[in-house]
């Protein structure tokens with residue numbers, strides 16, 4: 001008898017500070033699934049931080065590495081995946097993520113995100129920017145909102161909520177979506 005097929009990936013998307021990595025780890029633990037953060041995967045593959053990649057190769061160079069990491073992650077089901085905030089701007093990346101996963105948008109108002117990311121250290125799109133962090137996040141939200149909403153199958157608000165509460169919502173949603181969880185995960 002062959003093992004049961006893996007469920008679909010639970011893919012968390014959204015702006016920086018939305019909680020993708022923190023919530024993703026909690027969801028993965030609850031479901032007993034591996035957790036993959038594509039930014040961490042890119043860093044491991046490149047042997048450099050995202051900030052160092054941006055400095056050396058620019059955003060375009062980073063996005064090329066990110067797309068390759070997403071294709072690799074998307075080749076396997078049964079994971080919880082957090083992707084970088086700009087990943088869904090590439091239609092091919094969205095297609096790859098959708099092939100084995102369901103995309104969940106984690107969102108919060110820019111003021112909440114700004115409080116979470118602080119000065120934006122280690123975040124190339126914020127660090128050293130001429131505009132204050134809040135204004136930059138507001139601008140990014142305007143630029144990316146349509147892509148986030150087009151890619152996502154559901155939206156979970158993270159503002160004023162703990163990562164545990166958000167993870168509870170993500171797991172509860174996954175239980176209602178056919179094919180996301182395996183039969184064993186549904187009874188756990």
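Restricting 33, 116, 48, 71 to residues that are more than 12 Å from the chain's Cα centre (by Cα), in contact (Cβ under 8 Å) with a residue 24 or more places away in the chain and part of a loop (DSSP other than H, G, I, E, B) narrows the list to 33.
Does residue 66 satisfy the condition of being within 20 Å of residue 20 (Cβ to Cβ) and modelled with pLDDT of 90 or more? Judged against the criteria, residue 66 is a match. Comparison of 172, 159, 184 shows that the only residue that is at pLDDT below 95, surrounded by fewer than 17 Cβ atoms within 10 Å (Cβ to Cβ) and assigned to a helix (DSSP H, G or I) is 184. Taken over segment 78-109, the residue count meeting the criterion of being touching a residue at least 40 places away in the same chain (Cβ under 8 Å) and either assigned to a strand (DSSP E or B) or more than 18 Å from residue 10 (Cβ to Cβ) (or both) is 14.
The values are calculated or read from the model by the stated rules, or taken from the named source; none is laboratory data. Since the structure is predicted, the reported quantities are computational estimates derived from the model, not experimental observations. With ideal geometry, Cβ positions are generated from the backbone for all residues, glycine too; neighbour counts draw on all protein chains shown.
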